[in-house]
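See structure below.
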Amino acid sequence: MKFIGTRGTDEKKSFSEVILNPAAPNGGLYVPSKLPKINEKFLHRYYDVQDEKPYTHITRGILKLFKIDIDERLIEKALYTYLREFDDPDVVPVVRLNKNLFVGELWHGPTRAFKDMALQPFGVILSSLAKQRGENYLILAATSGDTGPATLKTFENRDNIKVVCIYPHEGTSEVQKLQMVTTDAKNEKVLGIIGNFDDAQSALKSLLKDDDFRNTLKENNIKLSAANSVNFGRIIFQIIYHFWSYMQLAESAEIDLLDEIDVIIPSGNFGNALGAYYAKKMGLPINKIVIASNKNNILYEFIKYGKYDLRDKNLIHTISPAMDILKSSNVERVLFDKFGEERTKELMENLESEGFFELTEKEHEAIKEDFLADFATDAECEEIIAKYAKENNYIMDAHTATAIKAYEYLSEKGEIKNKVVAYSTAEWTKFAPSVYEALTKEDINREIAELEEKTIADKDAIAYIEAHYKVMAPESIRELFDKDINETVINKNEIKENIIKFVTEK
Ligand SMILES: *Cc1c(COP(=O)(O)O)cnc(C)c1O
């Protein structure tokens, strides 16, 4: 399998080149030059075997189709993370909520959010490649909350890799922050900055263009890579669980093999949804991929109206912060797949220079063939959280609630009719205060606390939810509250010197 750039490339790249150097020419992203296709026989092969079919089994089968230049032993080592680091033998359990609605839980990994699905195996592959080549890499990550912990976790004490993770000092949940500032790996540095996520991200971007910084890295024999969601090494692992969920429904006789299903995906940077799109293109019987947004509903507008318009938009802070995104990088890969490199370049350049692009009517139709969209306000998420806790004894976080709201709304309107897999992208423990608030909306004590302007601490919210519902936070979350904290908070203009100091030490 070879990879090409979405905005034109002269040469094709291999998978290993693309994951080590994820930026494609002309500001584009790498995509497979041709997606592999499955047929009925492929699905039957997984359906017909009667014995245990673990998650790794289908993962292995799908990776084989991509013919990537990673040797089998390394792939096995990467897949082993699903067995060692995930706390459910199914890896992605598919839970039934009603006759038509199933939840695919993507958060059974070590940091309790969907980022582990890809970053766990990805970390093994990237660091082994670096080691094989005798190269040293620095991974710079700006995070609003979930990517940081998952990146730190996967590269913890790995050879040939250093990680610097920059987060907005006051802009993450307490659990997310603890997951970062309690890391004690020698090859990792965590920097809190005074500012918001955009400040963190733009500081990193200007650093990447800074000659002095680049030269210092070069002199120290350090190359730069990235573990963000534009790296195809992450996307490939986000294709697989869509196959897995489908097979789970088939095996439990909820559907017949080859029946179509719909999937609903809480979306931000569109990497999870892109995985579903590729799965569909490969031949998995998915009818609609439903994009669920929060109040930052630019993806909803894109799919509904065929316009991507950043003008007059300001980022709104919601209770689903991992989806507080306006520039959704992976949309570009869908544009490329549908309309080719020239048109993609044109649309993306328009977005960059004018702040918007608009599809033709025909192009918009092509998008609507595969996608539907909906969005939820914070109040709607809270209602959903409370309702499913009460009626199903199922506790979900606000990101997941955007998908369940979309299910309720679109199935009511008759726009989705098949069995549905809605993806849950974070465990409730990661965002416990907002879940607590949703569950106690009508609680009189809560009102009193609010009058006194007290917000509940994560630890107390978790304890409350555990005491009132049949759920328990995992050890990996509980132990965070007792760990040593190693927090460095700096100004934006101190980032460069801090990184240089860290990478040149010893
Ligand atoms: C990253 C993340 C998302 C958004 O996923 P994309 O692939 O960026 O669309 C949704 N929910 C949670 C909890 C996340 O961590």
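The values are calculated or read from the model by the stated rules, or taken from the named source; none is laboratory data. Everything quoted here is computed from the prediction, not taken from an experiment. Every residue, glycine as well, gets a Cβ built from its backbone with ideal geometry; the counts of neighbours run over all protein chains shown. Side chains included, ligands, DNA and RNA excluded: accessible areas come from the protein's heavy atoms. Shrake-Rupley method; radii C 1.70, N 1.55, O 1.52, S 1.80 Å.
Answer with yes or no whether G233 is closer than 25 Å to A23 by Cβ, open to solvent by less than 20 Å² (accessible area, probe 1.4 Å), away from the ligand (no atom under 12 Å from the Cβ) and out of contact with any strand residue (DSSP E or B) (no Cβ under 6 Å at 6 or more places or on another chain).
So G233 fits the description; yes.
Is it the case that N296 is on the phi < 0 side of the Ramachandran plot, of a type in the set (S, T, N, Q) and within 12 Å of the ligand (Cβ to nearest atom)?
For N296, the condition - on the phi < 0 side of the Ramachandran plot, of a type in the set (S, T, N, Q) and within 12 Å of the ligand (Cβ to nearest atom) - is met.
Find the residue count for region 52-94, including only residues that are under 30 Å from A253 (Cβ atoms) and open to solvent by 20 Å² or more (accessible area, probe 1.4 Å).
13
Just to be sure, is A142 within 16 Å of S202 (Cα to Cα), within 14 Å of the ligand (Cβ to nearest atom) and not assigned by TED's automatic domain parsing to the domain that holds D460?
Considered against the rule, which asks whether it is within 16 Å of S202 (Cα to Cα), within 14 Å of the ligand (Cβ to nearest atom) and not assigned by TED's automatic domain parsing to the domain that holds D460, A142 comes out as yes.
Within region 384-436, which residues are acidic (D, E) and more than 14 Å from the ligand (Cβ to nearest atom)?
Those that are acidic (D, E) and more than 14 Å from the ligand (Cβ to nearest atom): E391, E408, E412, E415.
Within region 95-104, count every residue that is open to solvent by less than 10 Å² (accessible area, probe 1.4 Å) and more than 13 Å from the ligand (Cβ to nearest atom).
3
Would you check which residues across region 259-295 are in contact with a helix residue (DSSP H, G or I) (Cβ under 8 Å, 6 or more places away or on another chain) and modelled with pLDDT under 95 and list them?
G268, the sole residue that qualifies.
In region 188-206, how many residues are of a type outside the set (G, A, S) and crowded, with 20+ Cβ neighbours inside 10 Å?
Residues flagged as of a type outside the set (G, A, S) and crowded, with 20+ Cβ neighbours inside 10 Å within region 188-206 amount to 6.
Among the residues of region 333-344, is there at least one that is more than 19 Å from the chain's Cα centre (by Cα) and closer than 28 Å to G414 by Cα?
Yes, because at least one residue in region 333-344 is more than 19 Å from the chain's Cα centre (by Cα) and closer than 28 Å to G414 by Cα.
Please determine whether any residue of region 105-124 is surrounded by fewer than 24 Cβ atoms within 10 Å (Cβ to Cβ), away from the ligand (no atom under 12 Å from the Cβ) and over 17 Å from the mean Cα position of the chain (by Cα).
Looking through region 105-124, at least one residue is surrounded by fewer than 24 Cβ atoms within 10 Å (Cβ to Cβ), away from the ligand (no atom under 12 Å from the Cβ) and over 17 Å from the mean Cα position of the chain (by Cα).
Which residues, taken from region 159-184, are open to solvent by 10 Å² or more (accessible area, probe 1.4 Å) and outside any helix (DSSP H, G or I)?
D159, N160, K162, H169, E170, G171, T172, S173, T182, T183, D184
Counting only residues that are open to solvent by less than 10 Å² (accessible area, probe 1.4 Å) and of a type outside the set (V, I, T), which one in region 333-355 is nearest to the ligand (Cβ to nearest atom)?
That would be R333.
Of all residues in region 257-293, which are over 15 Å from A422 (Cα atoms), away from the ligand (no atom under 13 Å from the Cβ) and open to solvent by 10 Å² or more (accessible area, probe 1.4 Å)?
Result: L257, L258, D259, K280, K281, G283, P285.
Might you check whether a residue that is in a helix (DSSP H, G or I) and touching a Gly at 6+ places or on another chain (Cβ under 7 Å) occurs anywhere in region 293-316?
no
Name every residue in region 133-151 that is assigned to a helix (DSSP H, G or I) and farther than 24 Å from R214 by Cβ, in order of residue number.
Hits for region 133-151 are P149, A150.
Quick check: is even one residue across region 244-251 under 23 Å from P89 (Cβ atoms), outside any loop (DSSP other than H, G, I, E, B), among the aromatic types (F, W, Y) and away from the ligand (no atom under 13 Å from the Cβ)?
Taking every residue of region 244-251 in turn, at least one turns out to be under 23 Å from P89 (Cβ atoms), outside any loop (DSSP other than H, G, I, E, B), among the aromatic types (F, W, Y) and away from the ligand (no atom under 13 Å from the Cβ).
Can you list the helices (runs of 4 or more DSSP H) found entirely within region 1-95 that contain at least 1 residues being modelled with pLDDT of 95 or more?
Passing ranges, in order: 15-20, 55-66, 72-84.
Inside region 476-506, can you point out the residues that are assigned to a helix (DSSP H, G or I), closer than 26 Å to N136 by Cα and polar (S, T, N, Q)?
N493, N498, T504
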